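Provided herewith is a single structure, encoded as structure tokens, for subsequent inquiry.
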Amino acid sequence: MHPDLVLTNARLLDPGRGAFLPHDTLVLREGRIAGFEADAGAGAEVLDLGGAVVVPGLTDGHLHPVSGAERTAGVDLSGCTDLEGVRAALAAAVRDLPEGQWLRGWGLDPNAFGDLPVSADSVGTVLDGVPAAIDLFDAHSMLASRRALELAGIDGPRRFDQGSAEVVCDPAGRPTGLLLEDAACELVEAVAPRPSFEELCRASAEVLRRMAAAGLTGGHAMDANGESLAVYAALEERGQLPLRLRIAPWVQPGVSPAELADLVRHQGEGGRRWRIAGAKLFMDGTIDNGTAWLEQPDCHGQSTGAFWPDPAEYTRVVGELHRAGVPTATHAIGDAAVRHVLDAVERAVAVHGKGTVRHRVEHIETVPDDTVARFAALGVAASMQPTHCTEYTRADHTDNWSRRLGGERADRAFRCRDLAESGARVVLGSDWPIAPFEPLGVMAGARHRRPGRDLRQPPHLPGQALTPLQALAGYTLAPAWAAGEEDRAGRLAVGHRADLTVLGQDPLAVPDTELADVPVLLTVSDGEVTHRAG
């Protein structure tokens, strides 16, 4: 345990009331907030904050630290807005690629293809003969080169347990290179090179260091895939785990009773700053890919089916997890998917009793009014990523996502404000590596509803903007509540965790468009300084 840390000349902001506490000192001892008087023990470190603002440690409600560190090791295509830019970036990467090596990429936006299909042919000849696997920005789809398809033995359509997984083929049955959902992407992943364990540890440590520097003290990690758990254990042993992570392993269609029992048995295992807590499920895919589950098809006649081929089996599994006391977090983007998740939770509570389990829905991109009203009534948290709206859709609905949905459904999208005002707990996050992880940037996007790369653009659905206090609660109070930890996290109170973020300005007073640039002066986790500016 670290020596006492005393913060003086501080402004202590309460995210519940939106007001400053009547104290200017905070004492941290043995990983907890010990009090508001400077009575630190011998050897304590005393820091004069010079009037800086202290908020409870910011927690990202949805992120993928280790799998994201692996995904982002290739060429970054997230800044490419058209095919010319995509081709140029890939060509530069190919020039530097040793002969015979795989090219990896990430962040590819389908809007860059314009009216052309997302396919290897649309990219052109730049990847001829090169084994390449490029993640689209949503991480639910991959563009594989012809050589990669050949090495993976993909020469036609396949059948999968995941209802929306697909090897996309042309009318002649020839794969186009587009792979939808995890099961299809795994066909290429199985033959592509993977980083060594040490390489993955180094990449993950660097990502987590940058997250701490951005002000994050915690995150809800929505997978335990690959070697993630071993990486967390190794990093903590090496003193390189600056965030407190709550990890939800995946439960996929076809899960066996033994596998489900194994997940229940491992709940609560972990280390000091990481532990397995909950389960992550999927009810659909994404709107951009046509794999969401909508009550009415999109403009291409797609997004009509569930991720679980038998949705009733999903309902049964949620009931089993609820009965065992395991909270679920379900990816549900389309209105039919969200409705089914809420129905499943309602049935689980009716059959097994409410208990203390807190379930949540992830993403919630388009839902009607009657669905909005159900979250608070069922006690289900709404986990949302407002920058998915502001960075990947357009205010005039000319983007792929909006065109697929049509104006009516696109106008009732990303309803952060409606859910918050209905009484639902709105948990905010980034879904990194889908969108940037900087929490101030996500909160800013939730407030101004503009793309962070160009604040001159008109706001996207400005009626869904959160207030400054609602946005701050989304990174403090709401994630603590969703984790069942509101008695020990999310506020500046005696006995609460010594997880703090220190900012150069009051996040509630700074203009919406300036919030992302507020300096993070200090990040503290468990009473340990994990980032110190300058």
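The values are calculated or read from the model by the stated rules, or taken from the named source; none is laboratory data. If you're wondering where the values come from, they're calculated on a predicted model, not measured in any experiment. Every residue, glycine as well, gets a Cβ built from its backbone with ideal geometry; the counts of neighbours run over all protein chains shown. Surface accessibility is based on the protein's heavy atoms, side chains included, excluding ligands, DNA and RNA. Shrake-Rupley method; radii C 1.70, N 1.55, O 1.52, S 1.80 Å.
Provide the gained length on full extension for the span residue 533 to residue 45, in nm with one decimal, where the gain is 0.36 nm per separating residue minus the Cα-Cα distance. Show your work: numbers first, answer last.
On the way: separation 488, 0.36 × 488 = 175.68 nm, distance 1.64 nm.
Stretched out fully, the residue 533 to residue 45 stretch lengthens by 174.0 nm.
Round to a whole number: what % of the accessible area of the stretch 204-288 belongs to carbon and sulfur, probe 1.4 Å?
Of the solvent-accessible surface of the stretch 204-288, carbon and sulfur hold 53 percent.
Would you kindly find the accessible area of residue 71, with a 1.4 Å probe and non-protein molecules such as ligands, DNA and RNA excluded, rounding to the nearest 10 Å²?
80
Kindly rank 288-300, 217-229, 267-279 from highest to lowest mean number of other beta carbons found within 10 Å of each residue.
217-229, 288-300, 267-279
Now, a different point. Which percent of the Cα-Cα distances in the stretch 400-465 go past 15 Å? Let's see the in-between values first.
Details: 1286 of 2145 pairs.
Pairs farther apart than 15 Å: 60 percent.
Next question. For the stretch 376-520, with all protein chains present and a 1.4 Å probe, just round the carbon and sulfur fraction of the accessible area to a whole percent. Let's see the in-between values first.
Working: 2350 of 4920 Å².
So the carbon and sulfur contribution to the accessible surface is 48 percent.
Could you tell me which residue out of 471, 294, 18 lies farthest along the dipole of the chain toward its positive end? Charges go on the beta carbon: Lys and Arg +1, Asp and Glu -1, centred on the Cα centre.
Farthest along the dipole direction, towards plus: 18.
A further question on this structure: At 1.4 Å probe radius, can you tell me the per residue accessible area of the chain in Å²?
Each residue of the chain exposes 39 Å² on average to a 1.4 Å probe.
Can you list the HN-Hα couplings for the stretch 136-143, worked out from phi with the Karplus curve (6.51, -1.76, 1.60; θ = phi - 60°), rounded to whole Hz and with x for Gly and Pro?
Each residue's phi maps through the Karplus curve to give 6, 4, 7, 6, 10, 8, 9, 9 Hz.
Could you state the angle between the C-alpha long axis of helix 311-323 and the longest principal axis of the C-alpha atoms of the chain, as a value from 0 to 90 degrees rounded to the nearest 10?
Tilt of helix 311-323: around 20 degrees.
Convert each backbone phi in the stretch 336-349 into a coupling constant with the Karplus relation 6.51 cos²θ - 1.76 cosθ + 1.60 (shift: θ = phi - 60°), then list the ³J(HN,Hα) values in order as whole Hz, x for Gly and Pro.
Result, rounded to whole Hz: 5, 5, 4, 4, 5, 4, 5, 4, 5, 5, 4, 5, 4, 5.
Tell me which label goes with the value of Rg and Dmax of the Cα atoms in Å computed from the coordinates here: (i) 25.2, 105; (ii) 23.4, 84; (iii) 22.9, 76.
Checked against the structure: label (iii).
Give the peptides 76-85, 327-336, 175-184, 2-11 in descending order of average Cβ contacts within 10 Å, highest first.
In decreasing order of mean packing, 76-85, 327-336, 175-184, 2-11 become 327-336, 175-184, 2-11, 76-85.
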